[in-house]
Structures are given as structure tokens and as C-alpha cells.
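To start, the structure itself, in C-alpha cells.
Only the coordinates and a few stated rules stand behind these numbers; no lab work does. No experiment lies behind these values; they were computed from the predicted model shown. Cβ sites come from the backbone with ideal geometry, for glycine too, and all protein chains shown count toward neighbours.
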Amino acid sequence: MRHRLRAFATALLLTVGAPATLLSAAPAAQADVRTAAQADVEMCEQYGSTTIQDRYVVQNNRWGTSATQCVDVTGTGFTLSRADGSVPTNGAPKSYPSVFNGCHYTNCSPGTRLPKQIATIGSAPTSISYGYVGNAVYNASFDIWLDPQPKTDGVNRTEIMIWFNRVGPIQPIGSRSGSATVGGRTWEVWTGNNGGNDVISFVAPTAIPGWSFDVMDFVDQTVSRGMAAPNWYMTSIQAGFEPWQGGAGLSVNSFSSTISDDGGSGEEPPGEPAGSCQVGYAANVWPGGFTAEVTVKNAGTAPVDGWNLGFTLPAGQSATYTGTFVEPDRFTLNGAACTAAP
């Protein structure tokens, strides 16, 4: 379903079940939410692709096996509905089903501002929510591609990989070169070359189900290590999975990506000027658990068509929490920051 949030407010009841949360609102029996049905599309072509939200591309991208792979494309992401076959875990994965903003082998997402020179990018806020399974060998990989030229086709010079999760006996390209704190999280850092391009991988020590962050934090880290330069170009931002064995049921529940100029101006999601959303958060807390009512208000004049509310819970909070209860301090609507409701 796609949802249109007009200049009113809608409330959602949240029973917390994950340390990072990205919500798509359910239809409510009130005039402030408009819904438009959008049927899911199953795509099984080897390199099949389609657009969602009129701004992102979902691709099947089965390149390492002849076995059947299908993705069930939704209004906000996709689910890997079929993932036959397997490849050796000491080699490359069998595919990279993903959703992206930018250009991938001449396929560019609608209205993208990429490629764009790194030095001219002020921020690149993004949100991602993953769904994981345990009966497969895979990573959940968020990719950022960089090149000395504004390429819209072929392989780029440097690939940044952010491993949100890994299951099974697999490891990144190259060798571990240390660790780093990026975006407030600690990561293993691996560097190497896959025979076609340089790769730097940031690997989470434990699975991250969802996160809102600035892509430029990882780009800056890569530049500081000499694997890119400010006069290079960012060509695409991608989120998906690299499966080696199986993978049916893996999902990108939602994805958003925007690019802002150095100085603050730039791309915003359709119908959603920066600062046009307000969020109220009212929690009912008891020892070891809580529920929360989240109220989302479109404070602008234009409808927001296709919307996701993202926020990260403080450390220690999931289905239960430890220590002192703390409310989330940052909310985003389709990747853009919201202000607190008065």
C-alpha cells in the first residue's frame, strides 16, 4: 500500500520489537490518511528491474548462478520470494537483489542527483529496514559506489560495502585492516580488490535490523584512507543482499535516500520539504517494557505520497529495555529529519 499524508496528523501505536525501527503507516479510519492500492510485482528476470515511489529502482540482479531467483516488489522495497541454488562460500555470491538511488550499468533511478562530485555533497541521509532469515548463507549489504568520473555505466573504481548482517562462513573481500567508529557505531574494516575494483567493507559485529544515517560518514572515512578523493563522484547508493546459499524470505522492508548540496540545498523526497514533518511520541512505560503512540503531522502544504517514519531506539531498548527509559531523539520521514511536535 502507498499512503498519502496530507497536512494533518495520524497516530500509530508502537509496541517495540526491534532496536531500530522504520514504520510504514497502516490505513486509519480518519480523513488525514489517503491510500492508493499498489499491487506487488514478482520479478524473476535475471537482470529485471522496476521503479518504486517514482524515485528508486529495485533490481533482481542474478549474476552468479543460472538457478531461478525472484523478488516480490512492494511499494517500499522487496522480498526475495525465490532463491534457488548455491555457490561456494569461499568465492563470490550468486546475486545482489537490491534497491538503489543513482545509476547502475546505465539504469538510473528517476530524478536522481547522482552521479555527483563528493566535494559538492553536504549530506546524504538514508534509512533502511531489513528483514532477515536464518536458513541461508548471506550478507545484508549496503553499497556506495565511487569513481573518478561521473559514470553511469560499468564498474566503478571503489565500492564501499556496509555489512549490516552476515550469516554463515563468509567474509568480505581482502583482509581485515582494523576497526573504525563511523556513524556512532563500531565496525570491522576490511580492504581488498575483487579483480575489477577496490573494496572497503565495514562489518557490523552483530546484526543491525534497521538504521537511519548519513552515507557521507562512510564516504569521508574512505577518502581519509586514500581509497577515493573529494573530486571523485558518488554514482549510486544501494541496499540489498548477497546470498551464497538460499535466501528466500530476505527483505528490504523500506529504503530512502536523498542527496543535499554542500550548503544545505538539494534533493528532497517528492512533496516533502525539509522540516515539513512533526512527530509526537507518548510512551506508556513499565519495568522491562513499554508501548508508544507516535503521532506524525505533515506541517507543510503539499501531500507526502508514499511515506515511511524512521527512528532508532536508544541503546538497551528492544522488546524490553534496561536502565533508564529514554525516548528516541531523532525521527525521519522518507529520510528527511522531522521536528518535535509542540
- Query: Residue by residue through region 143-152, which ³J(HN,Hα) values in whole Hz follow from phi under the Karplus form 6.51 cos²θ - 1.76 cosθ + 1.60 (θ = phi - 60°), with glycine and proline marked x?
  - Reply: 10, 10, 10, 10, 8, x, 10, x, 6, 10
- Query: With each pseudo-label sitting 7 Å past Cα toward Cβ, what's the D153-D261 distance in nm, one decimal?
  - Reply: 3.0
- Message: Quick check on packing: order 280-287, 237-244, 100-107 by the mean number of other C-beta atoms within 10 Å, highest mean leading.
- Response: 237-244, 100-107, 280-287
- Note on the structure: Residue span C44 to D217: 0.36 nm per residue of separation minus Cα-Cα distance leaves a gain in nm of 58.8 nm
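Give me the extension gain from T51 to R225: residue separation times 0.36 nm, minus the current Cα-Cα distance, reported in nm with one decimal.
59.2 nm
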- Note on the structure: Binned at 10 Å starting from 0, the alpha-carbon pair-distance distribution of region 44-261 in whole percents comes out as 9, 37, 40, 14, 0
- Message: Using the Cα centre of region 44-261 as origin and beta-carbon charges of +1 (Lys, Arg) and -1 (Asp, Glu), tell me which of A124, A67, S254 is placed farthest towards the positive end of the dipole.
- Response: A67
- On the formula 1/(1 + (r/R0)^6), with r taken between the Cβ atoms of W63 and Y132 and R0 of 25 Å, the FRET efficiency rounded to 0.05 is 0.65
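Local charge sum around I170 (other residues, Cβ-Cβ under 14 Å, Lys/Arg +1, Asp/Glu -1)?
On the way: positive: K94, R166, R176; negative: E188, E242.
Net local charge, I170 excluded: +1.
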- Item | In nm, spacing of pseudo-spin labels at A341 and N193 (7 Å Cα→C-beta vector) | 5.5
- Message: So for region 44-261, averaging the separation of alpha carbon pairs under 8 Å that are six or more residues apart and normalising by length, what relative contact order in percent results?
- Response: 31
